[in-house]
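Structure first, then comments.
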């Protein structure tokens, strides 16, 4: 059983794999979550992100996606540049999972309402709800990012940039927010600023071909580039 005094102790790889194997064989994510939470602190799992075994690094990303918190996002951001593409993919999903649940408990209901409103196309309602969220929990980076996305979809480019900037101030490794600001700058014709944002996103997450493509087209075409090059903000993990 995990104890507080074990918080920073490294995990033995073989022990980790043996412990999580039953839940993995049953493909039971709730059991895996409970097992990992019972035995280790999230910080301990970070030590496995540099293990020699790609399988171990993959499982560490999966586990951090289940029990990690926003304080570990820098560790996962390093995994976005892992030599193993599957590790990077799982690290991306882990980051989105953490970002989406990193708000305070008292705003979770309002945040869920805002996301549901966005899914159903009620963008103005989503913005209103997200404003309530950030007023109550000003440290919730993903609430600002989702607000930026809603403003972008409403073609309110300046507001999208303002909220995206707030998201990246709170969570500098948020490649989605950096890319979203890049898209909004493109819509405003501010290609230099767009390129800067795209480069920041790519530095964090090199495996984002749509961002690389947008940057490449800016560098090739410059100010003559049509605003239609962007497909919209990144709202969820890139498949």
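The values are calculated or read from the model by the stated rules, or taken from the named source; none is laboratory data. Note that the structure is predicted; figures quoted are calculated from it, not measured. Glycine gets a Cβ as well: all are built from the backbone with ideal geometry, and neighbour counts include every protein chain shown.
Return yes or no: is residue 185 more than 25 Å from residue 74 (Cα to Cα), surrounded by fewer than 22 Cβ atoms within 10 Å (Cβ to Cβ) and touching a helix residue (DSSP H, G or I) at 6+ places or on another chain (Cβ under 7 Å)?
Judged against the criteria, residue 185 is not a match.
Can you name the number of the only condition in (1) surrounded by 22 or more Cβ atoms within 10 Å (Cβ to Cβ); (2) touching a helix residue (DSSP H, G or I) at 6+ places or on another chain (Cβ under 6 Å); (3) modelled with pLDDT of 95 or more that residue 233 fails?
(3)
State all residues of the range 45-69 that are part of a helix (DSSP H, G or I) and out of contact with any helix residue (DSSP H, G or I) (no Cβ under 7 Å at 6 or more places or on another chain); if no residue qualifies, say none. Write out each step before concluding.
Looking only at the range 45-69, we keep the residues that are part of a helix (DSSP H, G or I), and these are 45-50, 54-67.
Listed by number, the residues that qualify are 47, 50, 55.
Please verify whether the range 101-114 includes one or more residues that are free of Cβ contacts under 8 Å to residues at least 24 places away in the same chain, within 19 Å of residue 173 (Cβ to Cβ) and either assigned to a helix (DSSP H, G or I) or in contact with a helix residue (DSSP H, G or I) (Cβ under 6 Å, 6 or more places away or on another chain) (or both).
Taking the range 101-114 first, the residues free of Cβ contacts under 8 Å to residues at least 24 places away in the same chain are 101, 105, 108-109, 112-113.
Now restrict to residues that are within 19 Å of residue 173 (Cβ to Cβ): 101.
Retained after the next criterion (residues that are either assigned to a helix (DSSP H, G or I) or in contact with a helix residue (DSSP H, G or I) (Cβ under 6 Å, 6 or more places away or on another chain) (or both)): 101.
The answer is yes; a qualifying residue exists.
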